[in-house]
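Quick notes on the structure that follows.
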Amino acid sequence: MKKLVNVADFRASAKARLPRMVFDYLEGGAEDELGLRHNQDAFRKIKFAPRRLVDVSVRNMQVDILGKAASAPLVIAPTGLNGIFWPDGDIALARAAGNFGIPFALSTASNASIEEVANAATGEIWFQLYVVHRRLAELLVRRALAAGYTTLILTTDVGVNGKRERDLRNGFGMPMRYSVKTILDGVLHPRWSLDLVTHGMPQLANFASQDVQDTELQAALMSRQMDASFAWNDLKWLRDLWPHKLLIKGISRVDDARRCIELGADGVILSNHGGRQLDSAIAPVEVLQETARSIAAPVFIDSGIRRGSDVVKAIALGASAVLLGRATLYGLASSGEAGVNEVLSLLRSEIDTTLAQVGCPSASQLNPDFLWKRGDSFATEPHTVDPVSA
Ligand code: FNR
């Protein structure tokens, strides 16, 4: 088998194993996928200004993430329907993260339940909340608390679903509908199909196991529409409900970040959902430095991270850690937990090499001075990059 040496190789391997409609769900962005490409371009445009004659014989990428030591400045991002990429995908991701020494974030839309993942996890687990219905949200938060999750993430950029045209064309949805096209797609990807037949169609486990008595809640569950009315005033309600660390995900503006902290959040996750929601949104890395300078709380970032050097750039610009979305999903879809381990290892190796190359022995010593600057802030230069979704 061909040796897979970077995230792009794992992407190709995932693409080969998954049926087209499943890969498109993993990969796809909203509308014209400008945001999907722009997220990666924005990282590529940032250049290093390496320091020489620094002793980098011993390097350390350990960081503190919300008061706990992590082996690298990485977190596995919450992603829904991980079970369609690999059987028990949520558990595979949680175990790989735990063994690697970084947190794993479980999505509300997971295929293993809050409790199942808590029982199987080997490390720190965070829970990501979608507010489908206020009362359902409260039940989920209480379950996460009882199961030992240490951090709650509120995702704020999915009041309504983005227009993902690949999914619309493929007729992708839950439950998956069978057509001649999808059956043929399955036949052409026998390794994936065999896993599905052996393990069964993944379910939204947190909802399936929820004992819901009243009809209003049942209707909310059936429609699975988000509560688009959830706004700033509701943040206090959530803050009062959750006694541990609370992060707000989907933030793209400094003033919003500031407001989150004023209302009691412990940090923010700059994110545009990997370009899956609003197509022409700014890339989170474009507001990272300003946000990190403006709030006295941890700033996390995701969207577009595919290289160890992207991670180093984000930390240099002030991020506490980065969340990995598609990068680790490519590993999962390629070869399950072993694939996630490999992606994490290769990113660790790339981070290590980059630290040595820029002349910074420790990730915790990174700062914007390691980046090429023009004027007051780090500089970017226009350049053309090939489309990512070839
Ligand atoms: C996501 N993302 C996401 N976010 C979230 O808060 N809850 C969720 O259930 C999901 N589901 C989901 C599914 C898939 C297939 C993807 C690719 C992404 C967004 C995710 O947490 C993260 O913000 C992005 O993936 C980051 O961008 P990159 O790393 O994929 O470019």
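Key figures for this structure:
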{"item": "Filtered residue count, segment 62-118, keeping only those that are in a loop (DSSP other than H, G, I, E, B) and more than 15 Å from the ligand (Cβ to nearest atom)", "result": "8"}
{"item": "Among (1) surrounded by fewer than 17 Cβ atoms within 10 Å (Cβ to Cβ); (2) outside any helix (DSSP H, G or I), the one test that D255 misses", "result": "(2)"}
{"item": "Filter pass, F172 being more than 20 Å from A333 (Cα to Cα), out of contact with any strand residue (DSSP E or B) (no Cβ under 9 Å at 6 or more places or on another chain), surrounded by 12 or more Cβ atoms within 10 Å (Cβ to Cβ) and not small (G, A, S)", "result": "no"}
{"item": "Verdict on R191 being within 27 Å of G35 (Cβ to Cβ), exposed (fewer than 13 other Cβ atoms within 10 Å of the Cβ), at pLDDT 90 or above and among the charged types (D, E, K, R)", "result": "no"}
{"item": "Residues of segment 13-50 satisfying the condition of being away from the ligand (no atom under 14 Å from the Cβ), outside any helix (DSSP H, G or I) and of a type outside the set (F, W, Y)", "result": "P19, E31, D32, I46, K47, A49, P50"}
{"item": "Single match in S335, S303, S280 (criterion: away from the ligand (no atom under 15 Å from the Cβ) and under 30 Å from A16 (Cβ atoms))", "result": "S335"}
{"item": "Checklist (1) surrounded by 21 or more Cβ atoms within 10 Å (Cβ to Cβ); (2) not in a helix (DSSP H, G or I) applied to D279, failing item", "result": "(1)"}
{"item": "Scope segment 16-53; condition surrounded by fewer than 19 Cβ atoms within 10 Å (Cβ to Cβ) and either without any contact (Cβ under 8 Å) to a residue 24 or more places away in the chain or of a type in the set (A, V, I, L, M, F, W, C) (or both); matching residues", "result": "A16, L34, F48, A49, L53"}
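Rundown of residues vs (1) under 21 Å from the mean Cα position of the chain (by Cα); (2) among the charged types (D, E, K, R); (3) more than 26 Å from A265 (Cα to Cα), yes/no style:
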position	(1), (2), (3)
A121	yes, no, no
R143	no, yes, no
T150	yes, no, no
T182	no, no, yes
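The values are calculated or read from the model by the stated rules, or taken from the named source; none is laboratory data. A quick note: this is a predicted structure, and the numbers were derived from the prediction, not measured. All Cβ positions, even for glycine, are placed from backbone atoms using ideal geometry, and neighbour counts span all protein chains on display.
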